[in-house]
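To keep things clear, I will list the structure first and then write my remarks on it.
The values are calculated or read from the model by the stated rules, or taken from the named source; none is laboratory data. On a predicted model such as this, the values are computed, not experimentally measured, just so you know. Cβ sites come from the backbone with ideal geometry, for glycine too, and all protein chains shown count toward neighbours.
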Amino acid sequence: MNEAINFMEDLLSEVELKEEQQTEAYYDLLIAKVGYLEQKIASNFKTAEEEIKIINDFVLSRNSRIQGQIDGILSMLEAYIRGKGEKTITMCHGVLKLHKKPDKVEITDMELFLKNANGSMLTVVPESVKPSITKIKNYIKMSGRIPLGVSKSESTEEFKLTINHNNSEV
């Protein structure tokens, strides 16, 4: 009987060992499945990025054509207001405007400017002296002379369109 009990114990141990090996194999397969699923997630993100790029390229292409149409129409509107010789034209769908930009003054040579500048062109902050663009513009307007070390760009007229968005028609 001892032999039968030993045989049964050996058989039971062998079954438990095989069961444990199968359990380890099962969990090893689960680990492999997690790895596969993580790769699938990464692949999905990569595919999505590629599709987003395709969509963005399509939208940019289409919008550049539309922007070309807008630019052409704006040129026609600007030519219209300049041809009429008016500064503002109000219409149902928007307002056309021509407004003059201010003259641009730039300090090209700071040392030369500071040597020749008078006090009315400077802003004095304790321990520093810096040019005042507004005061320099006023000086140029009053005297008609451009100080040394300063350059002046003539102003230009700028076209501006304001669209009334409360109308349902385009």
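Within the range 137-156, being within 17 Å of Lys101 (Cβ to Cβ) and surrounded by 14 or more Cβ atoms within 10 Å (Cβ to Cβ) holds for Lys137, Ile140, Lys152.
Taking Thr162 as the residue in question, decide whether it is without any contact (Cβ under 8 Å) to a residue 40 or more places away in the chain, part of a strand (DSSP E or B) and either within 29 Å of Leu74 (Cα to Cα) or not assigned by TED's automatic domain parsing to the domain that holds Glu78 (or both).
Numbers: without any contact (Cβ under 8 Å) to a residue 40 or more places away in the chain: no; part of a strand (DSSP E or B): yes; either within 29 Å of Leu74 (Cα to Cα) or not assigned by TED's automatic domain parsing to the domain that holds Glu78 (or both): yes.
So Thr162 does not fit the description; no.
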